[in-house]
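Below is one structure, written out as structure tokens; the observations come after it.
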């Protein structure tokens, strides 16, 4: 509905707008994070890895022929990571782990991380030691936590702990 804001008796237009803003802000605040609150972070063998560039922090949902997938990404100029959830039903809030085939559909979780030196660490589907919990899905954001163990050829395992994310929902 279009119209003008009513003026409070005895107050000028600017004061009325300021009063309305104060009243509206006091009525409650959104639980949606601002762009500056978007992140994907985790500890890799005890060292903090953090992605905060909003342009790289996304969650995308896909679904075809009984296969559903959620991909969560974060990256910067020198490194990046992605989390993937596969399921035989819609991916929603909940905890996902393991990796395998159920019927003809992949079900489980995968993670990849390329460190600043260019070493790519990935989930070994045979051990599938990655757990991803999606705690909230809104029209604009996806929030959750993750942990697991990743492998790279010729490198010691990379233990991922205290992983968390709040990313933009792409679709």
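Structure summary
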read-out	value
Of all residues making up the stretch 35-54, the number that are touching a strand residue (DSSP E or B) at 6+ places or on another chain (Cβ under 9 Å), within 26 Å of residue 118 (Cβ to Cβ) and either not assigned by TED's automatic domain parsing to the domain that holds residue 163 or not in a loop (DSSP other than H, G, I, E, B) (or both)	11
Selection from the stretch 70-92 of residues that are within 26 Å of residue 118 (Cβ to Cβ) and outside any strand (DSSP E or B)	76, 77, 78, 79
Sole exception among (1) exposed (fewer than 15 other Cβ atoms within 10 Å of the Cβ); (2) touching a strand residue (DSSP E or B) at 6+ places or on another chain (Cβ under 6 Å); (3) part of a loop (DSSP other than H, G, I, E, B) for residue 136, by number	(3)
Evaluation of residue 17 against (1) surrounded by 12 or more Cβ atoms within 10 Å (Cβ to Cβ); (2) at pLDDT 95 or above (one fails), failing number	(2)
Answer from 140, 149 - the residue that is more than 22 Å from residue 48 (Cα to Cα) and in the same structural domain as residue 43 (by TED's automatic domain parsing)	140
Residue among 80, 118, 66 that is exposed (fewer than 14 other Cβ atoms within 10 Å of the Cβ), farther than 16 Å from residue 147 by Cβ and modelled with pLDDT of 95 or more	118
Members of the stretch 139-150 found to be free of Cβ contacts under 8 Å to residues at least 60 places away in the same chain and surrounded by fewer than 16 Cβ atoms within 10 Å (Cβ to Cβ), listed by number	139, 145
Out of 103, 108, sole residue that is in the same structural domain as residue 39 (by TED's automatic domain parsing), out of contact with any helix residue (DSSP H, G or I) (no Cβ under 9 Å at 6 or more places or on another chain) and either surrounded by fewer than 20 Cβ atoms within 10 Å (Cβ to Cβ) or closer than 21 Å to residue 51 by Cα (or both)	103
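The values are calculated or read from the model by the stated rules, or taken from the named source; none is laboratory data. Values in this document were obtained by computation on a predicted structure and should not be read as measured data. Backbone-built Cβ (ideal geometry, glycine too); neighbour counts: all protein chains shown.
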